[in-house]
Amino acid sequence: MNLNQLSQNRYTAKSYDPARKISLADMDQLCQFLRYCPSSVNAQGWHFMVIGTEEAKKQILPAFAGANQPKVQNASHTVIFCAKTSLDETYLQKVLDKEEADGRFANEQQRQENDATRRYFIGLNNTSPEALLNWQSKQLYIALSGLLFSAQALGIDSTPIEGFDAGKLDEILQLKQKGLTSVVVATLGYHAADDFNAKLPKSRLDTEDLFTFL
Ligand SMILES: Cc1cc2nc3c(=O)[nH]c(=O)nc-3n(C[C@H](O)[C@H](O)[C@H](O)COP(=O)(O)O)c2cc1C
């Protein structure tokens, strides 16, 4: 794989071809890629709402800034990256049980140490609802980046989106009632012929501005 090609071919799609849909097989690969994204202490305090039907797209549209609405309308899918609003006892037990079922522990001591480490780090970051959301959001942005590049690897265009009203989106999808809150969004699909951004050269600061090699 050529990483230079991957990083330079990925760009922010500004307009999508509404006629082109992502195949089920590709969507499944992308969902599995998200599932396997890393999170601190494997807490996985997230949930991904995958919007693919015309009805659901129409429903969420009012939560998006005007310039982003056509992207949601015409993209094949929209992924809403949500944080769990609480990582409670039941949830911690569920993660631990799944790790055990997946064969992560050679013995009871390892299981207990793993659980204690996770609780310790979650405790450091769970000092208030805002602090927990801040920590969970960092994890979600890692997943966002994973999705943008994995989509490009499949030849699928994407748009990371912060231009939306999280409160409104939460209300429309009743996320609070599900113990979730929206953090960031990505649309996925195939760019339209008139997508101006597909033709523009990329612009980044020079390597010497961005890196220090010691
Ligand atoms: C977290 C994040 C949020 C963004 N939000 C939007 C957005 O709401 N609408 C949009 O058109 N582009 C959005 N962008 C795209 C950026 O403007 C774009 O990534 C940047 O200009 C670099 O261009 P490139 O992605 O084409 O390389 C967002 C990018 C990131 C990483």
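The values are calculated or read from the model by the stated rules, or taken from the named source; none is laboratory data. Owing to the predicted nature of the structure, the values given are computational and were not obtained by experimental measurement. In this analysis, Cβ positions are derived from the backbone assuming ideal geometry, glycine residues included, and neighbour counts consider all displayed protein chains. Only protein heavy atoms, including side chains, enter the accessible area calculation; ligands, DNA and RNA are left aside. Shrake-Rupley method; radii C 1.70, N 1.55, O 1.52, S 1.80 Å.
This table checks each residue for (1) within 16 Å of the ligand (Cβ to nearest atom); (2) of a type outside the set (S, T, N, Q).
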position	(1), (2)
4	yes, no
30	no, yes
37	yes, yes
41	no, yes
65	yes, yes
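How many of the residues in segment 9-65 are touching a His at 6+ places or on another chain (Cβ under 7 Å), without any contact (Cβ under 8 Å) to a residue 60 or more places away in the chain and small (Gly, Ala, Ser)?
1
Go through segment 80-118 and give me each residue that's open to solvent by 80 Å² or more (accessible area, probe 1.4 Å), assigned to a helix (DSSP H, G or I) and among the basic types (Lys, Arg).
Across segment 80-118, the qualifying residues are 94, 98.
For segment 143-163, which positions are away from the ligand (no atom under 12 Å from the Cβ) and of a type in the set (S, T, N, Q)?
The one that is away from the ligand (no atom under 12 Å from the Cβ) and of a type in the set (S, T, N, Q): 150.
Which pairs turn up if I take residues in segment 171-184 that are open to solvent by less than 20 Å² (accessible area, probe 1.4 Å) and assigned to a strand (DSSP E or B) and look for partners that are within 16 Å of the ligand (Cβ to nearest atom) and of a type in the set (Ser, Thr, Tyr) with beta carbon separation below 8 Å, at least 6 apart in sequence or on another chain?
Pairs that qualify, where the first residue is open to solvent by less than 20 Å² (accessible area, probe 1.4 Å) and assigned to a strand (DSSP E or B) and the partner is within 16 Å of the ligand (Cβ to nearest atom) and of a type in the set (Ser, Thr, Tyr), are 184/137; 184/141.
Quick one: would you say residue 166 is touching a Ser or Thr at 6+ places or on another chain (Cβ under 8 Å) and either more than 10 Å from the ligand (Cβ to nearest atom) or more than 22 Å from residue 145 (Cβ to Cβ) (or both)?
Yes.
Hey, can you tell me all the residues within segment 1-20 that are within 23 Å of residue 69 (Cβ to Cβ) and open to solvent by less than 90 Å² (accessible area, probe 1.4 Å)?
Listed by number, the residues that qualify are 10, 11, 12, 13, 14, 15, 16, 17, 18, 19.
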